[in-house]
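Presented below is the structure to which this report refers.
The numbers here are math on the coordinates, done by the rules we state, and not lab data. Owing to the predicted nature of the structure, the values given are computational and were not obtained by experimental measurement. Quick reminder, even Gly has a Cβ in these numbers, built from the backbone with ideal geometry, and neighbours come from all protein chains shown.
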Amino acid sequence: MKKLIWLVCFAFLISCNTKEKQVEKKEKKVYDMYEPSEMAILMNKMYAHNLKIKKEIIAGEIPTEFPLDFLEIHTAELSDFKSRSERFQAFSSLFVTAEKEVFNSQSNLPIKDRFNNAVGLCISCHQTECTGPIPRIKKLLIK
Ligand code: HEC
């Protein structure tokens, strides 16, 4: 199971800079040498967590606890081909603010809108930083 998760992570990291077809062929072989960046690990955690929240919201539950490890977006190391741009930092802050709103029980906005706003900021940042995972992130949106 763990192996599978890394394999999936790997596929997404590579999709930021190479063509997907190549990955499918090479995936198995390169796997041993691949070490995901802290940021890639965090991103996959955030994806999984938001998927869980989406299911809860659809089931009529209201999520209450902001996952503090999301704050690691401000410090986690990116993979070595990227540096933390000012733009990245600005989007990190916007994203964290939006994600916190999902857990704000005082908010007047419907939970669905707050959740979709947060996912929208995942997508906004990805539009400039790493477009590969966007189709997958869009699946998090609640219709
Ligand atoms: C501030 C910009 C930013 C925000 C906000 C952001 N991402 Fe990312 N994301 C990145 C960057 C940059 C990478 C590439 C990571 C690296 O280079 O180490 C990435 C990578 C990923 C990956 C691929 C990870 C891998 O295995 O390589 C996924 C999946 C992902 N993000 C999902 C999300 C989701 C879901 C959200 C919102 C909950 C989100 N991202 C919010 C910038 C962002």
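Observations on the structure shown:
- A Förster radius of 25 Å combined with the Cβ-Cβ distance from I58 to T128 puts the calculated FRET efficiency at roughly 0.25.
- Listed residue pairs exceeding 25 Å between alpha carbons, taken from K82/K112; K54/K82; K45/K143; K112/K138; K52/K82: K82/K112; K54/K82; K52/K82
- Modelled spin labels at K112 and K82, positioned 7 Å past Cα toward Cβ, are 3.1 nm from each other.
- For the pair the range 126-143 and the range 54-75, the centres of their Cα atoms are 17 angstrom apart.
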